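**Student:** The structure follows.
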Amino acid sequence: MSFLDLPEGLSERIIQCNSTYTVRFGVRLRGGMYSFVGWRSVHSEHCEPVKGGIRYASNADAQEVEALAALMTLKCSLVDVPFGGSKGALKIDPREWTSQELERITRRFTQELNKRGLIGPGVNVPAPDIGTGEREMAWMMDEFRRANPTDVINARACVTGKPLSKGGIAGRTEATGRRVQFAIQSYLRDPRTPGIVGGRDLGGATVVVQGFGNVGYHAAKFLSEEDGARVIVVAERDGYVANPEGIAVEALKQHLIRTGSILGFAGAKSFAGDTTGIQQQCDILIPAAMENAIDGHNAERIKARLVVEAANGPVTFQADQMLRSRGGTILPDLYVNAGGVIVSYFEWVKNLTHIPFGLMERRRRERRNLTIATALERMTGNPFPADLRDEFLEGGAEIDLVRSGLEDVMRSTWVNIADLLEEQPELGDYRTAAYVASIRRIAAAYEAIGI
């Protein structure tokens, strides 16, 4: 069934990647010459610049990069940030190289991208992905500045996900988990949704998290420490840990840092080599690891009624059908995963405006709030509650504004998805509604420029 009435040929234009570049280059390392291959795919330039991460992975290939670039286009469109979609990869296992070697490789890769116009504040803006992080983004930004000495004013905006000392933005690291938290809250807040067993309160809700990297860790931390949920299982590739009373997420993270594994954590029972962690009884399942984690083989054993796709494509098409046929609800990756690019947009804007968020207004807000507090004390004859005073008077640091902006976009995007599904119930599920909402915006952008 078709849910979109697109002009002839436009659907094919939206599906296809505009361009995919393969770059091959050599770097002299360890007394010899090593050759590397990388890709940068530009899916759609209906909005510019284009945006998307760069991953370092030994199994990367051009087809995967093109698929991820298309997903970036759809994400950006869904949350209405002014980027087209792009993606990049370098076929490399970063664990096989020292930090100094990775820096030389990254700088050479950046040179190749720059020569082809595949990096720059107004054309193509990379970000971290699997195998990359703040460090690699700082190297890329510095190399871009060296290669473009006449554009140093805006050069910091050539990548996002940088360290704060290099023009990054407060809250970007945690944004991967915040987006999951805000997506679940938006779903539960909406009276049109079935909620979770027992109601719409996260307090006491049981959560299983697969993957304890940046996304899984922050999602588990915020849901347990701020919303009162019980994280009862954390699963990784080498097994899982479980505690029906709730796992101390921060303590587990410190154990992982010390030992390199979640197994052996004193605050939970370990199940080494067991991949059935995601099959344990819970209210909410958050697959935050790799794609295809839930497929036709294990979907029938998934007991969660709400699956929140924190990873890219963790539920296969067959598994999606099986879960929904049993009354399950899936919050799609297209929506849940969009938090990263939202905060990347904030960072890009910060770099182009050359001013931190909140700098011009923070003290004015503090004075206004102090005036309100003083007026309330005079009218009531009672002192302002001491436990609320500091938070009320706070004018808002950059991280507070970033969190506020991220929450606002996630909430408004959810309303758009839910409204569309209510208007067109034949869409059937939130995933289809999200795709329809996103593609309609892309089609409108193309039509507006005469394509």
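**Student:** Which number in (1) surrounded by fewer than 17 Cβ atoms within 10 Å (Cβ to Cβ); (2) farther than 30 Å from Ile449 by Cα marks the one condition that Leu90 misses?
**Tutor:** That leaves (1) as the condition not met.
**Student:** OK, next. Given the condition more than 19 Å from Arg40 (Cβ to Cβ), surrounded by fewer than 22 Cβ atoms within 10 Å (Cβ to Cβ) and free of Cβ contacts under 8 Å to residues at least 12 places away in the same chain, answer yes or no: does some residue in region 53-66 qualify?
**Tutor:** Here is the first cut: in region 53-66, the ones more than 19 Å from Arg40 (Cβ to Cβ) are none.
No: region 53-66 contains no residue that is more than 19 Å from Arg40 (Cβ to Cβ), surrounded by fewer than 22 Cβ atoms within 10 Å (Cβ to Cβ) and free of Cβ contacts under 8 Å to residues at least 12 places away in the same chain.
**Student:** Going by the structure shown, is Arg363 surrounded by 14 or more Cβ atoms within 10 Å (Cβ to Cβ), in a helix (DSSP H, G or I) and among the charged types (D, E, K, R)? Walk me through it before giving the result.
**Tutor:** Working: surrounded by 14 or more Cβ atoms within 10 Å (Cβ to Cβ): no; in a helix (DSSP H, G or I): yes; among the charged types (D, E, K, R): yes.
So Arg363 does not fit the description; no.
**Student:** Using the structure shown, decide if Gly328 is in contact (Cβ under 8 Å) with a residue 12 or more places away in the chain and within 21 Å of Trp414 (Cα to Cα).
**Tutor:** Working: in contact (Cβ under 8 Å) with a residue 12 or more places away in the chain: yes; within 21 Å of Trp414 (Cα to Cα): yes.
Criteria met by Gly328.
**Student:** Looking at Arg258, Arg230, which one is without any contact (Cβ under 8 Å) to a residue 12 or more places away in the chain and out of contact with any His (no Cβ under 7 Å at 6 or more places or on another chain)?
**Tutor:** Details: Arg230 fails: without any contact (Cβ under 8 Å) to a residue 12 or more places away in the chain.
Answer to the check: Arg258.
**Student:** Name the one entry in Phe222, Phe212 that is outside any helix (DSSP H, G or I), assigned by TED's automatic domain parsing to the domain that holds Glu407 and under 27 Å from Gly260 (Cβ atoms). So that I can check it myself, show each step before the final result.
**Tutor:** Values: Phe222 fails: outside any helix (DSSP H, G or I).
Just a single option satisfies the conditions, and that option is Phe212.
**Student:** Name the pairs whose Cβ atoms lie under 7 Å apart, with the first residue in region 365-382 and more than 21 Å from Asp400 (Cα to Cα), the second not basic (Lys, Arg), and 6 or more positions between them or separate chains?
**Tutor:** What qualifies is Leu376/Phe384; Glu377/Pro383; Glu377/Phe384.
**Student:** Considering region 143-161 alone, what residues qualify as being buried (at least 17 other Cβ atoms within 10 Å of the Cβ) and within 19 Å of Gln100 (Cα to Cα)?
**Tutor:** Selection gives Glu143, Phe144.
**Student:** I'm told Ile184 meets every condition in (1) β-branched (Val, Ile, Thr); (2) buried (at least 18 other Cβ atoms within 10 Å of the Cβ); (3) assigned to a helix (DSSP H, G or I); (4) over 16 Å from the mean Cα position of the chain (by Cα) except one. Can you identify the failing condition by its number?
**Tutor:** (4)
**Student:** Considering only residues that are farther than 29 Å from Met322 by Cα and among the β-branched types (Val, Ile, Thr), look in region 393-447 and name the one that is modelled with the highest pLDDT.
**Tutor:** Val409
**Student:** Can you name the residue in region 165-181 that is under 13 Å from Ala310 (Cα atoms) and among the small types (Gly, Ala, Ser) and is also surrounded by the fewest Cβ atoms within 10 Å (Cβ to Cβ) among such residues?
**Tutor:** Filtering first and then ranking leaves Gly177.
**Student:** Also: Being within 20 Å of the chain's Cα centre (by Cα), crowded, with 22+ Cβ neighbours inside 10 Å and in a strand (DSSP E or B): is that true of Gly38 here?
**Tutor:** Details: within 20 Å of the chain's Cα centre (by Cα): no; crowded, with 22+ Cβ neighbours inside 10 Å: yes; in a strand (DSSP E or B): yes.
Answer is no for this residue.
**Student:** Ok, one more. Please specify each residue of region 115-135 satisfying the condition of being more than 12 Å from Leu90 (Cα to Cα) and either among the charged types (D, E, K, R) or surrounded by fewer than 19 Cβ atoms within 10 Å (Cβ to Cβ) (or both).
**Tutor:** Result: Lys115, Arg116, Gly117, Gly122, Val123, Gly133, Glu134, Arg135.
**Student:** Using beta carbons and a limit of 8 Å, which pairs, at least six apart or on different chains, have the first residue in region 81-103 and farther than 29 Å from Ala338 by Cβ and the second one of a type in the set (A, V, I, L, M) and not in a strand (DSSP E or B)?
**Tutor:** From residues that are farther than 29 Å from Ala338 by Cβ, the pairs are Trp97/Ile105.
The values are calculated or read from the model by the stated rules, or taken from the named source; none is laboratory data. Because the structure is a prediction, the values reported are computed rather than measured. Every residue, glycine among them, receives a Cβ derived from its backbone with ideal geometry; neighbour counts consider all protein chains shown.
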